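Data first, discussion second: the structure below is written as structure tokens.
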């Protein structure tokens, strides 16, 4: 059996066409793919319904990735998987993640999985955790360097105009803040800290 999963009706109709195998006049085999698409898959918006058939729920979630109500669909799936044994829930969570591809629904699915990462111990959840850690490290570096820069300027007795303070605290580039901090140690004025070299 060949199962094709499509996220739009026109592709699903194209994929459902019979495939003739063999010479044109003597097709020895006619393959009729089973096509799952938004036109023939249920829209499952509640957890109780989602629990009844996890395989169908998973395919339905993937095929309805562009549905305006995708948030409710994915939330129902997430709720159903939360109460499912790990050996089944992890592969289904990964399948949904892969099936959603780069659609906006994929980001929504990642956010749902990130809500309770103790439940999703899978490669995709590890990736989300790693991204969170990396973002936290960058944010920490940015905040630390901005604070250090302000302290150095204050300790050196250089006046810090409000617009300069805002420029420093709103900067999100750790390397630029590092350069400013290095200049602040010896710069004769605040303006020299920001002068392009």
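The values are calculated or read from the model by the stated rules, or taken from the named source; none is laboratory data. None of the values given here were measured: they were computed from a predicted structure. Cβ placement follows ideal geometry from the backbone for every residue including glycine, while neighbour counts extend to all protein chains displayed.
Odds and ends about this structure:
- Considered as a group, the residues in the range 149-178 that are surrounded by 16 or more Cβ atoms within 10 Å (Cβ to Cβ) and not in a loop (DSSP other than H, G, I, E, B) include one that is nearest to the chain's Cα centre (by Cα), and that residue is 174.
- The combined condition, being more than 23 Å from the chain's Cα centre (by Cα) and not assigned by TED's automatic domain parsing to the domain that holds residue 91, is not fulfilled by residue 51.
- Enumerated strands (runs of 3 or more DSSP E) restricted to the range 1-116, each holding at least 2 residues that are surrounded by 12 or more Cβ atoms within 10 Å (Cβ to Cβ): 3-5, 19-21, 34-36
- Single unsatisfied condition, residue 195 versus (1) in contact with a helix residue (DSSP H, G or I) (Cβ under 7 Å, 6 or more places away or on another chain); (2) at pLDDT below 85: (1)
- Some residue of the range 107-130 being modelled with pLDDT of 85 or more and more than 30 Å from residue 177 (Cβ to Cβ): yes
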